[in-house]
Every structure is written in C-alpha cells, then in structure tokens.
Amino acid sequence: MTITLQKGQRISLSKEAPDLTKLMCGLGWDVAKRSGGGFFSNFGGGHDYDLDASVICLNANGKLTDNKNVVYFGNLRHSSEAIVHQGDNLTGAGDGDDEVIIVDLPRIPTQISKLVFVINIYQCIARKQDFGQVENAFVRLVNLSNNKELARYNLSGKEYMGMTEMILAEVYRHNNEWKMAAIGNGTTVNSLGELIKSYC
C-alpha cells in the first residue's frame, strides 16, 4: 500500500521496505492550461516548461563538499555510480514520470549522509515561468526489487505561485537506516546554481 505523504511527514524506508536496495525517484508534472488564452498568450512566455530534477549529496553537517556531488542534467552520474539520472525531459510531455533518478542505497559513499531532491524551472526568469503554472507535480519512490510504490508526495496549490524552485524531498541516514522526509518548500532562487550555494 502506497503512503501518500503530507508536507513535513517522515517515513523509515527500512521499515516500509526491509529488502530495499535500489530506489527509483520519479518526478512528474503537468502544465496548467490558461483559460481563455490564445495561441500568442504571454503565459509562460510562449516557451515549453522545462523542469529539471536534481539530487544534491550532502555530508553529515549538511554541506556540499564538491560540485561533483550534484547529479543533474549536466552530470547524469555520480562518481560512485550510486546515483544515476536517466536523462533530461525538456517539455514534461507524456504521462507518468517525466524524469527518473535511480539510487542504489548500499553504494552511497559513507561520507554522504543526505540526498536532497529538487526541481527547478530552466531559464525561469527569461521565460517568465513559475510553479503557479504547473499542476499535478509529484515525487514518488519505488522499490525496484518489486516495482512497488513506497511513497508518493503530491505537490500543488496556490502557495507555490511565484516560486521557481522546489525542494521536494530528502532521503537521509539516521541511526544506520535510511529515512525519507517530504519537504515541499518552494523558493524564488533563479537557478540550481543559486540553490547549491546555500549548501556550501
């Protein structure tokens, strides 16, 4: 049975799936339709919505020690091979997961204590886009040993109007087990690079 997480809720991955080794993090979204908008509408600047999923790997002090510890469309594979991004989706077209990140928990280096899953809108300022124009955003965790969905966190609502980046979830070590926290915090930073600086 899938757990539908609320903002701020935490679960133990070890308890929910004792045999868990490989985890798929699927991120998806739909673009909200503007009622009454014409073909040349300024909604979203006339561009496709390119949402990018990334993972920031932090140490026990919550710090990013090396930019190589950021897995995103420009660095699809962590050097440990423990985290692999399946590729960039430029439009969000299609059903289901728009971007997928595979995490092999036993292979996560011991110096990494927390994985922060984020979504940002590519060129959000130039394209005049924010998450108020996106709906049905979700993050889901799937146990790849049996393809069962462990948890789903749905992210939508007017509170994200004007926000251009979202910290969706954290997977972290605690007392020798892995846990997941649904964060759901929207920010107004303009790029992944800006967010990364806050962890340095």
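The values are calculated or read from the model by the stated rules, or taken from the named source; none is laboratory data. The shown structure was predicted, so the numbers you read here are calculated from the model rather than taken from an experiment. Cβ atoms come from the backbone with ideal geometry, glycine included; neighbour counts cover every protein chain shown.
Identify all residues within region 1-41 that are at pLDDT 70 or above and on the phi > 0 side of the Ramachandran plot; write none if there are none. Residue satisfying the conditions is GLY8 alone. Of the residues making up region 112-127, at least one is in a loop (DSSP other than H, G, I, E, B) and at pLDDT below 80. From the list GLY96, GLY92, GLY44, GLY132, the lone residue that is in contact with a Phe, Trp or Tyr (Cβ under 8 Å, 6 or more places away or on another chain) and at pLDDT below 70 is GLY92.
Would you confirm, using the coordinates I've provided, whether LYS179 is out of contact with any Leu (no Cβ under 8 Å at 6 or more places or on another chain), modelled with pLDDT of 80 or more and among the charged types (D, E, K, R)? For LYS179, the condition - out of contact with any Leu (no Cβ under 8 Å at 6 or more places or on another chain), modelled with pLDDT of 80 or more and among the charged types (D, E, K, R) - is not met. Considering only residues in region 158-173 that are free of Cβ contacts under 8 Å to residues at least 40 places away in the same chain and not aromatic (Phe, Trp, Tyr), the one that is nearest to CYS25 (Cα to Cα) turns out to be MET163.
Per the conditions (1) surrounded by fewer than 19 Cβ atoms within 10 Å (Cβ to Cβ); (2) within 18 Å of the chain's Cα centre (by Cα); (3) acidic (Asp, Glu), the sole criterion not satisfied by GLU177 is (2).
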